[in-house]
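In what follows, a structure is listed as structure tokens, so that the remarks can point back to it.
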Amino acid sequence: MKTDGVFLRIFLFIFLVTICGMQNLYPTDASPLMKGRIELGLNRFLFSPHYITTSTGIGYEYIDGVRRTVFFENDNNFKLSELITTGWRLKIIGLSPYVDSVSHRISITPLKFIDISLTNSFTNYARYDMLLFDTYWSIALKVPVKNVSITGFNAGFCHRVTDYDIYGNGTVYGTDYKWDHIFVYEITQTFNIADKDAITIRIGNRRDGLPVSTGYFEVSFENVYMVNKYAGLYCIIAHSFAGAGSLAGYHDGLRWSIGVVCRIL
Amino acid sequence: MPHIIKFISALLTILTLSACEYLDGGSILVSLPVNERFDDRNNRTNFSAPVVDASKPYNFAVISDTHYYKTNPEYFRKISEKVSENKISFIILLGDITQAGTAAQFRMVKDDLNNLNIPYYPVIGNHDIYNNGYDNYKRVFGRTVYSFDIGGTRFIFTDTANGLLGGGQKDWLTKRLKAHMRIKLVFTHYSPIDDDLQSFTATPEPEESASVIALNDKYDTDCYISGHLHNYRERTVRGTRYLIVNDTASLDNSIVIFTIDGSKVSYKDGTFLIR
């Protein structure tokens, strides 16, 4: 029996049906890709600023045996066009404050239900004379249900360089620095519980949006209440688990933060 | 009718998986977290130092990840041969002694270890706490956190079965490392330095790994010896040698023999550690 190209055709058929089906979950909007290219033109597709969101808050973080500290966080998000969103995040810890982590991210949304993002971050373990540099890419798939909830599946890899001694000049691999490749995943479930209020539950191995380790596991609850379309409040509570064989024992971590969100349209 | 068949099939699958200890059907069950095991140490049997003449060179063997679920006389015959050949004074087991933490597995491995007729010092691993395995571990072996000195050498055994030391144990470790000893050796299950491609059982908290590396550097730990990875690795980071011992099923480096000679530590054919 001749089967040349049959599997490819079946794959293409299923792929296209899936894409069309997913796109139709957004019945009111055309695909940003098509909208950008045909109706708005390429320039507006690549650059037509939608909004800037900035959130600033304080919080408290406890990780047993590691840290027990207050922190200050600032996160900025620029939706440059239908396609491109960029932003950065800063976290400062301690009563004698110093930078804990800085990250920059850029994400593209080629289709309404897919986000492809790249994040570069720097984590400062100044107390231990060590630094982490992460490059993290991920693909997120979002499945909305009638403006009531959005389920997200996010997976990617983080490529991490650990500098074991920031004061040392050595360049020997495994002794002075080392690569780690970390599988990163996150499942999110957002509920629009009221017109102005949304709750997101996140389960994955990221903390503050940054990868921790493959063996890390965190559940966080994030509530954003928009007072009006320009300003709102947010509150995040997270508990982290970790250990052998996923759940045999736990890593006692707790984090909460509160702050304000401003949106400039 | 099809529903009943599906239900019976699912039930049989679950029962088969549960009966097969190698598949770790119970690994998702939660055991005591590390802080509670650490706090429980004073209620448990302590380990006394082996009787060794520290004025002369002496040897000890380190093995890891035996994952015992059935008796393995061949493996213990090999160890027995090594013990005779190298005049081993005692053996250290670096965790994952059993496959699924069951009482039968702990009894089996203890019987085979007792047949060697030399002292042994266990470290608890992640597999040992599966199925509430700590209850069995403490009955068979005793506490999970302890230390002893032989001459000028301090042997410290820590509990990282959950992948982490926890606050109380880290303070304890700091106090043990602060002492002025000629040689300091730490034995545990998880290494603070993972393999390049992390697994799902990698050390969960990079900040704790950083703190352990800094602690070893500050207090001049000579060698930090662990298992868990099922591979052999050795690295020197900030003056401390991090050695990961292969599992017992592997052909290479599944038994690492250390020699202590005064202020010198050596393992594996002339690799010397002098801080």
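Rule-based calculations on the coordinates, nothing more; no lab input. This is a predicted model, so every value here is computed, not measured. Cβ: placed from backbone, ideal geometry, glycine included. Neighbour counts: every protein chain shown.
Please list, in order along the stretch B:161-171, the HN-Hα scalar couplings obtained from phi with the Karplus expression 6.51 cos²θ - 1.76 cosθ + 1.60 (θ = phi - 60°), rounded to whole Hz, x for Gly and Pro.
Rounded to whole hertz, the list is 5, 8, x, 9, 7, x, x, x, 5, 5, 4.
In terms of the Cα gyration tensor, with a ≥ b ≥ c the square roots of its eigenvalues, is the stretch A:96-166 rounded because a/c is under 1.5, prolate because a/b exceeds b/c, or oblate?
prolate
Rounded, prolate or oblate: which one fits the stretch B:70-109, using the alpha carbon gyration tensor with axes a ≥ b ≥ c (rounded when a/c is under 1.5, else prolate when a/b beats b/c, else oblate)?
Prolate.
Give me A:CYS158, A:CYS262, B:CYS223, A:CYS235 sorted ascending by neighbouring Cβ count inside 10 Å, so fewest comes first.
Final ranking by Cβ density, sparse to dense: A:CYS262, A:CYS235, B:CYS223, A:CYS158.
For the stretch A:96-204, state which trypsin sites (Lys or Arg not before Pro) are in a DSSP loop and have at most 13 other beta carbons lying within 10 Å of their beta carbon.
Those that pass, being in a loop and sparsely packed, are A:LYS146, A:LYS196.
Can you list which of the chymotrypsin sites (Phe, Trp or Tyr not before Pro) found in the stretch A:120-189 are DSSP loop residues with at most 10 other C-beta atoms within 10 Å?
Hits after loop and neighbour filter: A:TYR167.
Once R0 is set to 22 Å, what does the formula 1/(1 + (r/R0)^6) return for the Cβ-Cβ distance between A:ALA231 and A:ALA194, expressed as a FRET efficiency to the nearest 0.05?
About 0.85, to the nearest 0.05.
Specify whether the C-alpha gyration tensor of the stretch B:22-158 places it in the rounded, prolate or oblate class, a ≥ b ≥ c being the square roots of the eigenvalues: rounded for a/c under 1.5, otherwise prolate if a/b is larger than b/c and oblate if not.
Judged from the Cα gyration tensor, the stretch B:22-158 comes out oblate (a/c at least 1.5, b/c at or above a/b).
Would you list which lysines come within 20 Å of B:LYS175, measuring only between C-alpha atoms, while excluding same-chain residues fewer than 8 positions from it?
B:LYS184, B:LYS218
Which lysines, on any chain, are close to A:LYS229 with Cα under 29 Å apart, when same-chain ones fewer than 8 places away are left out?
A:LYS35, A:LYS79, A:LYS91, A:LYS112, A:LYS142, A:LYS146, A:LYS196
Going highest first, how would you order A:203-211, A:56-64 by mean Cβ packing within 10 Å?
Per-residue mean Cβ counts within 10 Å order the peptides as A:203-211, A:56-64.
Once fully extended, how much extra length lies between B:ARG139 and B:VAL51, figured as 0.36 nm per residue of separation less the alpha-carbon to alpha-carbon distance?
In short, 29.3 nm is gained.
Once you put a point 7 Å from the Cα of A:VAL102 and another 7 Å from the Cα of A:ILE114, both along the Cβ direction, what distance in nm separates them?
The modelled label-to-label distance comes out at 3.3 nm.
Of B:LEU173, B:ASN162, B:PRO122, which is farthest along the charge dipole of the stretch B:121-275 in the positive direction, counting Lys and Arg as +1 and Asp and Glu as -1 at C-beta?
Farthest towards the positive end: B:LEU173.
Using 0.36 nm times the number of residues separating A:THR56 and A:TRP179, minus their current alpha carbon distance, what extension gain do you get?
My answer for the length gained is 41.1 nm.
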